[in-house]
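What follows is a single structure, and I will ask about it in a moment.
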Amino acid sequence: MKLAIPAISTNLIKSVQNTLIIIVVGRVGNAETMAAIGLGNMTKLMLGTTILQGLNGGIETFVSQAVGAG
């Protein structure tokens with residue numbers, strides 16, 4: 001469980017960050033601004049987060065094999 005806490009907290013922080021951005025923009029912006037924020041969040045998720053998580057999965061494999069080999 002100690003190893004899962006950082007991953008869980010990172011995912012929660014990402015979700016809260018996106019939600020807070022939408023709340024703040026919703027109070028001061030208009031519908032076009034909200035749409036732009038939504039498209040920006042989707043683009044960031046598709047291009048940034050997905051690629052980095054894929055690379056992280058590959059790196060985890062090599063690191064665990066190296067640590068296991070001694």
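The values are calculated or read from the model by the stated rules, or taken from the named source; none is laboratory data. Since we're looking at a predicted model, the values are computed, not measured. These accessible areas exclude ligands, DNA and RNA; they are computed on the full protein's heavy atoms, side chains included. Shrake-Rupley method; radii C 1.70, N 1.55, O 1.52, S 1.80 Å.
Counting only the heavy atoms of the protein chains, how much of residue 55 is accessible to a 1.4 Å probe, in Å² to the nearest 10?
Solvent-accessible area, nearest 10 Å²: 100 Å².
Which value, to two decimals, describes the C-alpha radius of gyration of the chain once divided by 2.2 N^0.38 Å?
1.56
Still on this structure, I have one more. Working from Cα positions, state the angle (0 to 90°, nearest 10) between the long axis of helix 4-28 and the longest principal axis of the chain.
In the chain, helix 4-28 runs at an angle near 10 degrees to the longest axis.
With every protein chain present, what accessible area does residue 61 have (1.4 Å probe, heavy atoms only), rounded to the nearest 10 Å²?
Around 70 Å² of this residue is reachable by solvent.
Right, another one. Once phi is turned into ³J(HN,Hα) by the Karplus curve 6.51 cos²θ - 1.76 cosθ + 1.60 with θ = phi - 60°, what whole-Hz value does each residue of the range 48-60 show in order, with x for glycine and proline?
With the stated coefficients, the range 48-60 comes to x, 5, 5, 5, 5, 5, x, 4, 4, x, x, 5, 4 Hz.
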